[in-house]
1. Mind counting the residues in the range 44-87 that are among the small types (Gly, Ala, Ser) and more than 25 Å from ALA247 (Cβ to Cβ)?
2. Give me the pairs: first residue in the range 53-69 and part of a loop (DSSP other than H, G, I, E, B), second residue modelled with pLDDT of 95 or more and of a type in the set (Gly, Ala, Ser), beta-carbon distance under 7 Å, and six or more apart or on different chains, which are they?
3. Can you give me the ranges of the strands (runs of 3 or more DSSP E) entirely in the range 170-244 with at least 2 residues that are β-branched (Val, Ile, Thr), under 15 Å from the mean Cα position of the chain (by Cα) and surrounded by 19 or more Cβ atoms within 10 Å (Cβ to Cβ)?
4. Within the range 87-105, which residues are exposed (fewer than 13 other Cβ atoms within 10 Å of the Cβ) and either within 26 Å of GLN31 (Cα to Cα) or of a type in the set (Phe, Trp, Tyr) (or both)?
5. Take the conditions at pLDDT below 95, within 19 Å of the chain's Cα centre (by Cα) and small (Gly, Ala, Ser) and apply them to GLY54. Does it pass?
6. How many residues are surrounded by 15 or more Cβ atoms within 10 Å (Cβ to Cβ) and charged (D, E, K, R) if we restrict to the range 146-161?
7. Test each condition in (1) within 19 Å of LEU222 (Cβ to Cβ); (2) surrounded by fewer than 24 Cβ atoms within 10 Å (Cβ to Cβ); (3) under 18 Å from the mean Cα position of the chain (by Cα) for ILE143 and report the one that comes out false.
8. Please determine, by comparing only the residues of the range 147-193 that are aromatic (Phe, Trp, Tyr) and at pLDDT below 95, which one is farthest from LEU117 (Cα to Cα).
Amino acid sequence: MWLRTGCGITFDVSVATPFILMLRPRSGIQQWVARESYTLKPSVPAIEYTDNFGNLCQRLVAPPGEFSIHTTADILTVDCIDVNPGVPFEDVQNLPDSVLTYLLPTRYCESDKFIDLGREIVAGATPGYDQVAAIVTWIRDNISFNPYSTYFQLSAVEVNERREGVCRELTHLGIALCRGMCIPARMVVGYLHKLEPMDFHAWFEAYVGGRWYTFDATQPTLKGGRVTVAYGRDAADVAIFNQFGPALYPKEMKVNVEMLDVEPK
C-alpha cells in the first residue's frame, strides 16, 4: 500500500539551540521511500549522518524565534504483517553480532528485573515466536494502553507498577520481558495508518527464527500500514528530536498519515 506521511513541529526558541532530529524514513525490506520533502523555516544549514542503528539524523542550530520543521513522504509499505507461530528460539551463541546489543538491559528496559515474571508469562509456550506472542497477550490483558495517560517517559519497571501508559511505555515492557527470556528485542518508532489518535507511534520487533518480527501490544490486532523512522534499544535511541540547552517543548505538533489511491508520480 502507498502511504503519504507527514509531520509539522514548531518551537519558540529563546536562544540559538542545537538540535538533533530523526524524522527521515529510510528505504528497506519493508518500505520504499519514493518521494520526500523536508523543510526548515527559517532555513538553516543542516548536516545529516547515520547513527549506530542505521537511522538518518539531522544536526542543526535553530535560531531565536519561531522555528518549524515540516516533512512529507510517499512510501510503499506492506499492508499486512508477517505472523509465524512456532518459529524457534535462536540460541544466543548463534545470534549475529549486530543483534547482541538488543539482549542487554538499558535505561528504559531493565530486562534483568523481568526474568522471573517473563518465565511465568511464557510458561507452556514453545520457545521463540510463541513466547513473544504470550508476552504481548499478557501486556494487553494487564496493562492499560491509554494514549492520553499522564504516565509517560516511564521505564519498564515503572509502567509495570502503574499498569498504564502510552505506546512507548508498553513497548518498553514488551522489550524488557523478551530480553529477560534471552530473545533480542528492539524499539521501532514511526507512523501507523489509522492510528487513533494520530501521532507518532512506537512498537517493537523480536528476533526469532533468524529474522525480526513485528509485535504491537497497543493494538487489538497486528496490522500493516507501518512506516519505520527509527530503530533503537529503547526510547533514548529513537527520539524524533533532541535539543541541547534550555528545555523546549513543541508549540505545535501535527502528524498525518493517508493512504494514496494510486501510485504517486
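The values are calculated or read from the model by the stated rules, or taken from the named source; none is laboratory data. Small disclaimer: the values here were computed from a predicted structure and weren't measured. A quick note on method: Cβ atoms are made from the backbone with ideal geometry, for glycine too, and the neighbour counts reach across all protein chains shown.
1. Step one: of the range 44-87, the residues among the small types (Gly, Ala, Ser) are 46, 54, 62, 65, 68, 73, 86.
Cutting the leftovers down to more than 25 Å from ALA247 (Cβ to Cβ) gives us 54, 73, 86.
Qualifying residue count for the region: 3.
2. These pairs meet every condition: PHE53/GLY232; ASN55/ALA230; PRO63/ALA16; PRO64/ALA16.
3. Numbers: elements: 185-192, 201-208, 211-215, 226-232, 241-243.
In the range 170-244, 185-192, 226-232 are the strands (runs of 3 or more DSSP E) which contain 2 or more residues that are β-branched (Val, Ile, Thr), under 15 Å from the mean Cα position of the chain (by Cα) and surrounded by 19 or more Cβ atoms within 10 Å (Cβ to Cβ).
4. Within the range 87-105, the first condition is being exposed (fewer than 13 other Cβ atoms within 10 Å of the Cβ), and the residues that meet it are 91-94, 96-98, 100, 104.
The answer is PRO96, ASP97, SER98, LEU100.
5. Working: at pLDDT below 95: no; within 19 Å of the chain's Cα centre (by Cα): yes; small (Gly, Ala, Ser): yes.
Answer is no for this residue.
6. Counting residues in the range 146-161 that are surrounded by 15 or more Cβ atoms within 10 Å (Cβ to Cβ) and charged (D, E, K, R) gives 1.
7. (3)
8. Within the range 147-193, the first condition is being aromatic (Phe, Trp, Tyr), and the residues that meet it are 148, 151-152, 191.
From what's left, at pLDDT below 95: 148, 151-152.
Values: TYR148: 27, TYR151: 22, PHE152: 22 Å.
Once the filter is applied, the top-ranked residue is TYR148.
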